[in-house]
1. Please go through the stretch 74-167 and write out the trypsin sites (Lys or Arg not before Pro) that DSSP classes as loop and that have at most 10 other C-beta atoms within 10 Å.
2. Order 44, 112, 58 by their accessible area, 1.4 angstrom probe, all chains in place, largest first.
3. Any chance you could look up the accessible area of residue 89 with a 1.4 Å probe, heavy atoms only, rounded to 10 Å²?
4. Under a point spin-label approximation (7 Å from Cα along Cα-to-Cβ), what is the residue 76-residue 207 distance to one decimal in nm?
5. For residue 29, what is the net charge nearby, where nearby means another residue's Cβ is under 10 Å from its Cβ and Lys, Arg count +1, Asp, Glu -1?
6. Suppose R0 equals 22 Å; then what is the FRET efficiency for residue 15 and residue 141 from their Cβ-Cβ distance, rounded to the nearest 0.05?
7. Would you calculate the separation in nanometres between label points at residue 186 and residue 90, each defined as 7 Å from the Cα along the Cα-to-beta-carbon direction?
8. Where a Cα-Cα gap under 22 Å defines reach, which lysines qualify for residue 200, not counting those fewer than 8 residues away within the same chain?
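The values are calculated or read from the model by the stated rules, or taken from the named source; none is laboratory data. Computed from a predicted structure; not experimentally measured. No Cβ is skipped: glycine too gets one built from the backbone with ideal geometry, and neighbour counts run over all protein chains shown. Keep in mind that these areas ignore ligands, DNA and RNA; they rest on the heavy atoms of the full protein, side chains included. Shrake-Rupley method; radii C 1.70, N 1.55, O 1.52, S 1.80 Å.
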Amino acid sequence: MLVAPSILSSDFGNLAEDVRAICEGGCDLVHVDVMDGHFVPNLTIGPVVVEAVAKAATKPLDIHLMVQNNAFFVDLFAPLKPSFISFHIEEEKHPHRLIQKIRAYGIRPAITLNPHTPPEAIEFLLEELDMVLLMSVNPGFGGQKFISSVIEKAQRLKAMIEKRNPKCLIEVDGGVNDKNVKELEAAGVNVVVAGSFVYKHPDGIAKAISALK
Ligand code: DX5
Ligand code: ZN
């Protein structure tokens with residue numbers, strides 16, 4: 001299982017240190033939640049702060065856009081050379097075009113699905129994607145309860161991926177912990193995002209990451 005801790009649960013007063021801690025603690029990706037206050041009822045960070053994250057990180061960035069006007073934000077963050085940029089299918093009229101735009105920057109394109117969105121919504125985009133991100137909470141905040149219907153969704157998506165693009169990864173984001181990660185793995189999930197479980201773990205960040213792995 002690959003682990004992508006979400007810096008949304010870090011201490012933003014000690015951001016560089018908290019980014020180094022997850023990288024040294026054995027994470028695979030650094031998950032960056034970009035919220036615009038329109039698509040979701042919360043506002044987070046822009047390219048100035050993410051540049052500081054990129055400087056501190058020794059692992060690749062996984063940028064999760066929760067915004068309106070995706071193309072504008074792709075242009076803003078692409079110069080920071082993240083490994084992945086994901087955008088929400090619910091907020092994009094021309095997902096196929098946006099995937100090409102992300103790939104033209106040399107960045108791996110991913111699409112995110114809200115809890116209500118069926119995997120069939122992106123069936124005919126799977127061949128173009130490197131990853132699908134399934135939300136297991138409503139996007140906007142860390143520390144929410146895991147929505148368990150994501151397990152069935154991951155199983156269905158996995159079957160579609162096997163048929164259309166076996167290299168495409170499945171990532172799950174929201175409420176992930178050392179209990180539900182086992183079910184997620186059995187359902188075919190490759191990457192888990194974890195914010196509060198990693199940053200608030202009583203035994204520390206490295207222990208939390210190895211528990212998820
Ligand atoms: C929610 C974000 C998540 C969040 C996960 O909109 O996309 O990445 O930080 O936090 P936890 O693991 O605490 O649910
Ligand atoms: Zn996220």
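1. Listed in order of number, the matching sites are 93, 145, 167.
2. The ordering from most to least exposed comes out as 58, 44, 112.
3. 30 Å²
4. Using points 7 Å along Cα→Cβ, the separation is 3.8 nm.
5. Around residue 29, the surrounding residues sum to -2.
6. Computed FRET efficiency for residue 15 and residue 141 comes out at 0.75.
7. Taking the simple label geometry, residue 186 and residue 90 are separated by 2.8 nm.
8. Partners within reach: 59, 145, 179, 182, 213.
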